[in-house]
Every structure is written in structure tokens, then in C-alpha cells.
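The values are calculated or read from the model by the stated rules, or taken from the named source; none is laboratory data. As the structure is a computational prediction, the values presented were derived from the model and not from experiment. Heads up, the Cβs are rebuilt from the backbone with ideal geometry, glycines too, and the neighbour counts pull from every protein chain shown.
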Amino acid sequence: MLSRVADSIYWLSRYVERAENYSRFIDVNYNLALNEHGDETSNQWWPLIYTTGDQDLFRELHQEADRETVLQFLAFEKENPNSIVSCVASARENARSVRESIPTPLWEQINTFYLLVKSAARQDGPFTDPQSFCRSVRIASHTIIGQTYGTMSHNEAWHFNRIGRLLERADKTSRIVDVQYFHLLPSAADVGSSIDIVRWSALLRSADALTMYRKSHGRITPNEVAEFLLLDREFPRSFHFCLMNVQESMSEITGSKPGTFQCESEKLVGRLRTELDYTSVEDVVRIGLHEYIDSLQTRLNDIGGAIGDDFFSPQSRVTSSQFQSQG
Amino acid sequence: MRALNMFVDDLYNDQKILKDKVVPREVIDSGKSLRDQMRGFSPPQGVWCHISGIDLIRHSDGEFYVLEDNLRCPSGVSYVLENREIMKRSLAKVFGGMTVTPVEEYPERLLEMMIDCAPSKVQNPLAVVLTPGIYNSAYFEHTFLAQQMGVELVQGSDLVVENDHVYMRTTRGLRRVDVIYRRIDDDFLDPECFRPDSTLGVPGIMRAYHAGNVTIANAPGAGVADDKAVYAFVPEVIRYYLSEDPILNNVPTYLCDDPEQRQYVLEHIHELVVKPTGESGGYGIVIGPHSSKSELAECAEQIKAHPRKFVAQPMLNLSTVPTMFDGVMKPRHVDLRSFVLSGKEVYVMPGGLTRVALREGSMVVNSSQGGGSKDTWVLKPPKNSSGKTMGQSQAQSQSQSGSGSQTQSQSTGPVGGNA
């Protein structure tokens, strides 16, 4: 397939996934804020900005991090390229440029999504009902994922789409663990002490993980939350699960045998996935959670860059006819 | 189309028709569409205009006339297919009782034609559609055609030329391209050959073309035959190459370059339609009876200053069809763009794009000027009559498929009443 098309299909799903994650962050935080008494507003909203990694831009645009500015920034700010409205607009622009390559119902759904957030962004005055907005964003995203799964051939394009979504998801899950863990558990000495169940549940809900966590671990403890969100093999938003599936899609694209690689991105994905396979939460705590997640994120970025080099802007090399017949 | 293809081929090679003085040499040499880069070249199958859109109208004398031959990048065929799709959804029952010839095989025919015209040495040719990108007003059509044919829609930046072959950049490296249906104008096709500042095109694509390693449809330089000054000679062109009379009428056309004809145009400018020769999309047309004195004076000055750039035609009374506006039927002027594919054979789509001037009294039907469109039916001949004559059947029915939810159709008889 065309490199440009693969690139757009990859980014299309990354942006949709990013919008979905932001909507979940907003929703959970909003709910938490409703429980708050007293003047803890800025304490409450800053971590959310750190979770998205856009704190510098936020400072340029706003003076204080309160409910209104943060919601505006994450949902509707046009100057924020990662706000929900910007992400969905970028997803649509990518979809539009490859309209001939994606199933018609998928294009229609993305367009519907775009019209939904655009009309919500156009409202005057304060953002009155973030919960229902966030819910519709998540439903729209899931509809797109379903459309893609059910109407698009599971070919190369589909695998690029899946890789984009999973890398984005892995990134956001790791960020939320990093920032919220730091926020909720400032010192290592606190491990094992009594914890704020409401806030720890909120962390799990930020990844829509509460129910599944309860089923597999029962009581909430900081280490097991970290383990579940980073290392679980079955939960679809855990870092490890995402990497396992990225690797699977990658070898579908390259056709490499298990345990082998043909290009840089495949090597990096395979190496990270294998390490995760043999990592326990005790290892993570020993290294230091923040340091560990920091290195995970650096390596995710390297993978993203290598995918770009390997597939989206390939050097001039003429393919053999064998390769062509697979294309 | 056969005659026009032979004409273009002749112009770039022996120029017999000019030597025989059937078409005056000045008309060709003074136009801006003849591409020096194409001299001495002849594309596969001798086809220059693979895809053409011929605009027809019906005048108040009841006759059909050819209004224009569009041989560069004629648009609109996607609307024909989409209109039909919408009509079948909204008027399913009407279709059930009719013998409407399907238009849906067009994408398949287009693909077949492209493959037929591939460079002869290639097995399993790979065809693509080349678009200027998402900001082009016809981008929808480009995606639609690529999707319907199942070929890649590429932009200039997706293609690269190496060793005089064209390749596209894929996730598995470079892959060779054999046939390009380009929807980019000649000027922007290759910065090495035409406009050096173009970023839409592909550097070196013309080298690959001249080397015979890729087919470009329509061929660069084909526009020489849809210059509006050349149009005046099309009946002669048909007689010259095919030794037969044209079936369709041409509109009488005055060439402003000719002193006598120019004099006539200047004297009768208030009753004529003046058209720039090198434009398309309905731009720059001055309609005498609908223009103010100062507009006509300005037009006359333009003609005197650049006579070769203008032709004039008598005001034709385009037929009208009933068109629904807020629940009320009103007459609106229409023309019909028919689509013709030329490959090993010539294929005329059994249908076409009826373009409607939505403004009352307006004769400008171009989509780029806010025109609407209607589905157009070609009815199959009765079962007992023989053969494949349906392409020539002129029984049509037209039905609106505008943005309003109301639609209407006339199932029999010729195109609406005259205004």
C-alpha cells in the first residue's frame, strides 16, 4: 500500500484514541471534583494537565488551572493540537485524504464524530454537561473501532490502523499511571499505608479498568494497580497487552517469523515486548516506577519514529516481484 | 472521438490536416494549448483523449448541438453514478417498471480502458489515479473513481521517477506504475517540463512518458483539440479523417481572430455569447443579451486587444426541464454532459450528467458556477428490436436529485419543454 495512505490510516486511529482517552480523563476528574470540599481546585486539576503532557502550552494560554480552564483546554481549545476537538479534526482530515482506501461507513462515522464535537465546541458560555459530552465521545470512538474491525479487510492497512491506536493507548495508560501514582503516593514510604480508595478507584476508572481490576485482584493496592495497568496480559488497555498486539500486527505486516525481525521498528517492538513478558511489578518498584515509565515512554517514541522511517518515508528501493504479489 | 484523436495525433506528427488547409495553421499555432514537448510523439493505441466529456444541448429548433468538447480533465461522472444511486433509493418503484440502462459499469470500463492503453511491453499493468489533493474542488470525484476501480489514489509526492520509470512509494518500497489517470492539468504535471514552480506534479514523469514506460490519460497536449477556436472546425475534422458527416450539429462559431468575423461579432455583440478560448468551467463568458452596455463595451475592448483569445456564438435557447423549488415546479435550463471512453474501442456511457442552471433564466449550468444536476436515463429499446443500440437512444428522462428531499421524474418523452 502507499506509504502516505499507511501514514494517514495510522494517525487517524491514533487521534481517535487520543480523543477517547482525553474524554475519559475529563470525565473521571470531573466526577472526583464533585466530591471535593473546600479550596483544593488547583491541586485537583493540575495533574490532569501533566497526564496529557501539555503543561507548557497550558501555561501559555491560561493563568490558573481550574475546572473551567482545564476543561476548555482539554476539550475545545483550538490552539491545543491535542484537545478533543483538534484530535477529531485531525482524524477527519487524515480520513478525508484516504477516503478511497477506507470503508464508506467508517468515513461516515468519523465525519459524524467530527460534527458532534464541532457542534459541542461551538456552544457559548461554560461547559455545562461534560459527562454526557465525554460519554458521546467514547461511544463515537468505540463505534469507529467497531466499524474498522467489522468492515475493513484485516490487511496491511488495518494493521497499521491497529498499531496507531495501540501505541497511543499504551502511551496514555503509562502517563496516567505515572502522574496519578506520583500525585496519590508522594513517597515510597506510603506504600502499604492506608490509601484513599476514592482516588485510587478514579485512577483505575481513567483507564476504564475498575471492574476488570476488581475481578482479577479484588482489593485495591498501589502495587497491584500499577501491575494491572502496566503488565496485565489480558486487559486491553494495559501497556503490555498493547505491545503484544502491536508486535502481532507488525509481524502480520512484515511477514517475519516469530523471533526474527526485518526492520528497526520490528526489532524495537519485539525487544520491548519480550522484556515486558519477563518483568514483574517488584522489578518495576525496584527500578522506581517513575524511572521505569519514563524509559517505557522514550522507547515508545523510538518505536513511533522507526515506524515512520521504515514504512511511511521509505528510501528508494524497488521491490521484488515476490513482495509485490503480497501487496 | 475517433476523429478528434486522429486530429491530435496528426497535429503532433505530420500535420496533414494543416498542410491540406482544412484547418488554418494560424488557429493552431496561435493557441496556447499546443505543447511543443509532444511533437513527434504518438501514445499507445494512438489515443490522446482517453476520457472526454462532450457537452450537448437541445435548442428551440428541437435539434441537439454539441456545445463543447472537454478533453483535458472532464469532471462530473461521479455525480452521474451518485445521482443514480440516490434515485434508486428514493424512487425504487419507478425504476422497477422502467427499462433504464444502467450506468454502473462505468468504473469497470474506465479501468479496462486504462489497462488496454498500458505500455505494450507490460504484463499485469498497474493503474492509478493522480489527484492534486484534498483541496481540489473535484477531490470527491478523484476518491470516488479510485475507490470504485479499486486502484490507488496518488498525489504527486507519492510518485517518483527513476531510470525513466514511474514508481509509487509504498510501505514495501517502490512499486512500478504503468498507467496514470491524471486529474492535474498539463501545466502542473512535471516541473522539469512544464511549470517549474509546480509542487503538484512529478519531476521526470514526462521523461518516463516519452520513453514509453508509462501511459498518461489524458495525454499531455490533448487539450489542443478542445480550444474553443478549434471547436469551430470539428465538423471539418470529422469529414477529413473519417469521410463521414457529423451526426450532431455544431453551434455556429465566430473566430474573433478573423477580421471579417471579428467585425460581425463587434457589431452584434449584444446578441452573441462571447467565450474565452482557453478557459473552462464557465469562467469569463459574456452573454450579450444579459449584459449591460458597459460590460459589452469592456468585452469589445478585450476582443480588439486579444482577438485570438475569444470566440462568439449565437445565443442558443437551452431547453428547460421542470425543477422543484420549495414544492413548486419551475422551468430551468439544462445541458447534458456525456462521457466517452476511448481505448481499443469507444464506449459512450448510457446516461450522463444533466447540469441545471438553478438561477431563474440563467443559461450557465457549470457546477463551478453553482449549477445543480439531475440523473439522466437512457431507456433500453423494446425487447424485440435487435442489438446494442441503446447508446444512441435519445429517449431520456430526467429527475431532480438536489438537496431538497422532494424529487420528481418524467418517465417518457424528450427533454422538457422549451422556454
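A few remarks follow.
- Selection status of B:ASN213, of a type in the set (S, T, N, Q), closer than 19 Å to B:PRO74 by Cβ and touching a residue at least 40 places away in the same chain (Cβ under 8 Å): no
- Among the candidates A:PHE73, A:PHE127, the residue that is at pLDDT below 95, surrounded by 13 or more Cβ atoms within 10 Å (Cβ to Cβ), within 20 Å of the chain's Cα centre (by Cα) and of a type in the set (Phe, Trp, Tyr) is uniquely A:PHE73.
- Some residue of region B:321-336 being modelled with pLDDT of 85 or more and touching a helix residue (DSSP H, G or I) at 6+ places or on another chain (Cβ under 7 Å): no
- Residue check for B:ASP158: within 12 Å of chain A (Cβ to nearest Cβ) and either surrounded by fewer than 22 Cβ atoms within 10 Å (Cβ to Cβ) or of a type in the set (Asp, Glu) (or both): yes
- Note on region A:218-272: residues that are basic (Lys, Arg) and more than 23 Å from A:ASP208 (Cβ to Cβ) amount to 3.
- Any chance B:MET149 is in contact (Cβ under 8 Å) with a residue 24 or more places away in the chain and within 28 Å of A:GLY255 (Cα to Cα): yes
- Only one entry in B:GLU301, B:GLU244 is free of Cβ contacts under 8 Å to residues at least 40 places away in the same chain and more than 27 Å from the chain's Cα centre (by Cα), namely B:GLU301.
- Wholly enclosed helices (runs of 4 or more DSSP H) of region B:203-247 bearing at least 3 residues buried (at least 22 other Cβ atoms within 10 Å of the Cβ): B:205-210, B:228-231
- Any hit, region B:85-96, residues being crowded, with 17+ Cβ neighbours inside 10 Å, in contact with a helix residue (DSSP H, G or I) (Cβ under 7 Å, 6 or more places away or on another chain) and in contact (Cβ under 8 Å) with a residue 24 or more places away in the chain: no
- On the stretch given as region B:254-281, residues that are assigned to a loop (DSSP other than H, G, I, E, B) and either farther than 23 Å from B:MET1 by Cβ or touching a Phe, Trp or Tyr at 6+ places or on another chain (Cβ under 6 Å) (or both) total 4.
- Any hit, region B:165-174, residues being away from every other protein chain (no Cβ under 11 Å) and either buried (at least 22 other Cβ atoms within 10 Å of the Cβ) or in a loop (DSSP other than H, G, I, E, B) (or both): yes
- Test: residue in region A:127-138 that is away from every other protein chain (no Cβ under 14 Å) and within 21 Å of A:PHE160 (Cα to Cα): no
- Within the span defined as region A:91-109, every residue fails to be away from chain B (no Cβ under 14 Å), among the aromatic types (Phe, Trp, Tyr), surrounded by 14 or more Cβ atoms within 10 Å (Cβ to Cβ) and within 25 Å of A:GLY164 (Cβ to Cβ).
- Residues (more than 9 Å from chain A (Cβ to nearest Cβ) and either under 11 Å from A:SER101 (Cα atoms) or of a type outside the set (Ser, Thr, Tyr) (or both)) located in region B:129-148: B:LEU130, B:PRO132, B:ASN136, B:ALA138, B:GLU141
- Picking from residues in region B:101-127 that are surrounded by 15 or more Cβ atoms within 10 Å (Cβ to Cβ) and farther than 24 Å from B:GLY352 by Cα, the one that is farthest from the chain's Cα centre (by Cα) is B:VAL122.
- Residues that are touching a residue at least 60 places away in the same chain (Cβ under 8 Å) and touching a Leu at 6+ places or on another chain (Cβ under 7 Å) occur in region A:192-199; there is at least one.
Conditions (1) modelled with pLDDT of 90 or more; (2) acidic (Asp, Glu); (3) part of a strand (DSSP E or B), marked per residue:
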residue: B:GLU108; (1), (2), (3): yes, yes, no
residue: B:ILE115; (1), (2), (3): yes, no, no
residue: B:LYS121; (1), (2), (3): no, no, no
residue: B:VAL129; (1), (2), (3): yes, no, yes
residue: B:PRO132; (1), (2), (3): yes, no, no
residue: B:HIS142; (1), (2), (3): yes, no, no
residue: B:PHE194; (1), (2), (3): no, no, no
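- From the options B:PRO102, B:PRO74, B:PRO44, residue that is under 22 Å from B:PHE310 (Cα atoms) and in contact (Cβ under 8 Å) with a residue 60 or more places away in the chain: B:PRO74
- Of the strands (runs of 3 or more DSSP E) lying entirely inside region B:286-367, those containing at least 1 residues that are within 29 Å of B:LEU111 (Cα to Cα) are B:328-342, B:346-348, B:353-356.
- Of all residues in region A:241-279, exactly one satisfies the criterion of being closer than 16 Å to A:HIS159 by Cα, among the acidic types (Asp, Glu) and more than 14 Å from chain B (Cβ to nearest Cβ), namely A:GLU248.
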